[in-house]
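Everything below concerns the one structure shown next.
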Amino acid sequence: MNDNYDDIDNLLFDYFKDNEYVPNIITNGIENAINNKNKKYKVILLIKKFIITMIGILTITGGIIFAKDIKIFVNTLIENIYGNYNNGITTAINNGYSQDIDMKYIESNNIKVKVNQITMDDYNLGIIFNIEIEQIGFFKDLYNVQFKNLLIMDENNNVIFAEYENQEEFVKYCDENNLNKGTYGIGYANCGANGSILNIQNNNIVYSFYTTSEKFPQSKKLTIKFDKIYLLNNKIFDEVNNKKVDNHIATIDGNWNIDIDLGKMSSDRDSIDYIATNINDNNTTVTKASLSMTNMKLELITNSDKIDFKKLQERRNMSVRDMIPFSGIYIQTSNGNKFFQSNSGSNGYDTLDDGKIRYYTTFDYTYFDKTEYIKIVLPTNKKQDLIIELNAKCVETQ
């Protein structure tokens, strides 16, 4: 241990002294932290928190974890109402893009659950639940709630999100009911769910659920079903005895089925595609530039000379900004407003067989901020700017 550093630094030293390879998920998390524009948080603290979370999870699970599940830990760096740092969702809600749900509680095994509010577009799904529990003893040390064997599907039998304790049971249920499991085989969501308790008052819990997608279907109705509720405290790891501990306060079995009509979400939902009109690099192609109600997604393929590809491969003896192709990227609209990367949704890059990279990212630029012309500036690890100019296919500016 090095006494000149804090405990987080020492843990990092212990891990990386025997592990020279830096996984993509770590560098992508570093990129998210670097690009975070919330000045309340220092970049180095965001980087540390992300890496420590990842190392802890990888250690506890024996080093194996799926990338789709890992992404959710990036989203927990900073939180808003849906447990993630996403100014785009906040902008959409502030502009009236959310739907209050008027429904009665669904009761099972003396536990009542209902949906209070929902926000859904191409890329984000956020749901606010109310949970009523009569047993006062369950509230002692209560830190979080989890719905298990959770299935969210729409009127066209599309699986929007699924989280089953037994994968075989999920596959069997889908096959028996002719459900479309989506691209990933577990629904249209492209990561795990982020859930957090917003408020506890008397015997009522306000609980937020959030997940993301590459593109959710145009659903008009949702069905939410689950048969277990976990009540959890925050005692996950026993540092004294160096072992994982059971953090369950109680497991409540039941059968909760909730039907939601997405009338407002369905009618108000819209998206706009942008077309690249000029790129200051001949080796870069934009494959996707799509604006939803809450975010904009960009995908490109490049082997630009503006990027130092050698640094991407070596990743040693260099600053974290050199280990990723772009940092500090932003959208600038025709009226001069700037919009930066979101910490929820997909942010990262893949190395392709031909030596190129596929870079993908999500911006806090929303339908309510839209202008016909935008410019995306991507500073590279070579301290050069890749600049992409785009025009909307069809847009009425605000």
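No value in this document is a laboratory result; all are computed from the given coordinates. On a predicted model such as this, the values are computed, not experimentally measured, just so you know. Note: ideal-geometry Cβ built from the backbone for every residue, glycine included; neighbour counts use all protein chains shown.
Find out how many positive minus negative residues lie around Glu155, taking Lys and Arg as positive, Asp and Glu as negative, among other residues whose Cβ is under 12 Å from that of Glu155.
Numbers: positive: Lys220, Lys221; negative: Asp154, Asp259, Asp261.
That sum, taken over residues with Cβ under 12 Å, equals -1.
Using a ≥ b ≥ c from the Cα gyration tensor of segment 78-228 (square roots of the eigenvalues), is it rounded, prolate or oblate, where a/c under 1.5 gives rounded and otherwise the larger of a/b and b/c decides, a/b for prolate?
Taking the square roots of the gyration eigenvalues as a ≥ b ≥ c, segment 78-228 is oblate.
Taking K and R as +1 and D and E as -1, what net charge do the other residues with C-beta under 13 Å from the C-beta of Lys215 add up to?
On the way: positive: Arg269, Lys288, Lys297; negative: Asp121, Asp122, Glu214, Asp273, Glu299.
Once positives and negatives cancel, what remains is -2.
Given labels modelled 7 Å from the Cα in the Cβ direction, how far is it in nm from Tyr143 to Asn233?
Inter-label distance under the simple model: 0.9 nm.
What are the residues whose amide H is under 5 Å from the amide H of Lys112, where those residues sit 5 or more places off or on another chain and H is modelled from the backbone?
Sorted by chain and number, the residues that satisfy this are Glu132.
Once amide H atoms are placed 1.01 Å from N in the peptide plane, what residues at a sequence separation of 5 or more from Gln117, or on another chain, have their amide H within under 5 Å of its amide H?
Ile101, Ile128
Add +1 for every Lys or Arg and -1 for every Asp or Glu among the other residues with Cβ under 12 Å from the Cβ of Asn283, and state the total.
Local net charge: -1.
Using θ = phi - 60° and the Karplus curve 6.51 cos²θ - 1.76 cosθ + 1.60, what whole-Hz ³J(HN,Hα) does each residue of segment 281-290 get, with Gly and Pro shown as x?
Calculated HN-Hα couplings, in order: 7, 7, 9, 10, 10, 8, 9, 7, 8, 10 Hz.
Highest mean first, how do 149-157, 129-137, 349-357 rank when packing is the count of other Cβ atoms within 10 Å averaged over residues?
The densest-packed peptide leads the list: 149-157, 129-137, 349-357.
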